[in-house]
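Readers should treat all values here as calculations from the given coordinates under stated rules, not as data from a laboratory. From a predicted model like this one, the values you see are computed outputs, not experimental measurements. When we count neighbours, we look across all protein chains shown, and the Cβ atoms used for this are built from the backbone with ideal geometry, even at glycine.
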Amino acid sequence: MSECCGGVKLGQKVPDFEFTTYEPTKGEFGKFSLAEQVKNKRWTILFFYPADFTFV
Amino acid sequence: MGCDLVTVSTDTQFVHLAWQRDEKELANVKYPMGADPTGKLARMFGVYDENTGLALRGTFIINPEGTLFNADFNWYNIGRNIDELLRKFKANVYVGRKTNEVCPSKWKDDGDKTLVNPGAKMVGKVHEALQG
């Protein structure tokens, strides 16, 4: 695997990213983007995990 | 303080839909489940395992300006402590508001003991500052 933290560094701006989501509360697909979070002045917790059937 | 938790794996959104709908353990999931089937985002954050094509258990706290303030990583076989994640999130919000204070390890929530203006005067006096 690559070195720790890839291209992002603590204390530095994270380059914009966007991905498709499944929204359980709506039963629909959606989009999540950092630019949108910044625009709406919201904190983001990104929580990576290996697969849906594993624990947190 | 507005915060959004979003989970990300290298599964597709279709897989998330199927698991969330059918697995009882996921019945109460309210957060968006992100799809990163190419591993692009996982690579960007350094959590992509090239040997398996899966994302490791990485957690990242990004402030409202888009700056990264917390990163931690667990291997596959160790789960994360959500209380500790919440503590770190609250601490980041707190020090973002009170920039002359720092949250020591036992800090849990607003009102708990912080160190104010840590600097030359505190050298050798941290114990007293934490008691006071």
Provide the per-residue ³J(HN,Hα) series for the range B:97-110, in order, calculated from phi with Karplus coefficients 6.51, -1.76, 1.60 and θ = phi - 60°, each as a whole number of Hz, with x at glycine and proline positions. 8, 10, 6, 9, 10, 10, 9, x, 4, 8, 4, 10, 7, 3
Explain nothing, just the number: relative contact order of chain B, from Cα pairs under 8 Å at least 6 residues apart, as a whole percent. 14
Cβ-Cβ FRET estimate between B:Leu115 and A:Arg42, R0 fixed at 22 Å, reported to 0.05: 0.20
Please give me the summed charge of the neighbours of B:Pro104: other residues whose Cβ is under 9 Å from its Cβ, Lys and Arg +1, Asp and Glu -1. +1
In debye, nearest 20, what is the charge dipole magnitude of the protein assembly as shown about its Cα centre with +1 on Lys and Arg Cβ and -1 on Asp and Glu Cβ, if you could check? 780
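Assuming R0 = 30 Å, can you tell me the calculated FRET efficiency for the pair B:Asp22 and B:Asn51, based on Cβ-Cβ distance, to the nearest 0.05?
That gives a FRET efficiency of 0.55.
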Relative contact order of the range B:7-80, pairs being alpha-carbon contacts under 8 Å that are 6 or more residues apart, as %: 24
Would you work out which of B:Ala91, B:Gly58, B:Met44 lies farthest towards the positive end of the dipole of the range B:42-124? Charges go on Cβ: Lys and Arg +1, Asp and Glu -1. B:Ala91
To the nearest 20 debye, what is the magnitude of the charge dipole of chain A about its Cα centre, counting +1 on the Cβ of each Lys and Arg and -1 on the Cβ of each Asp and Glu? 320
In debye to the nearest 20, how big a dipole does chain B give about its Cα centre with +1 on each Lys and Arg Cβ and -1 on each Asp and Glu Cβ? 480
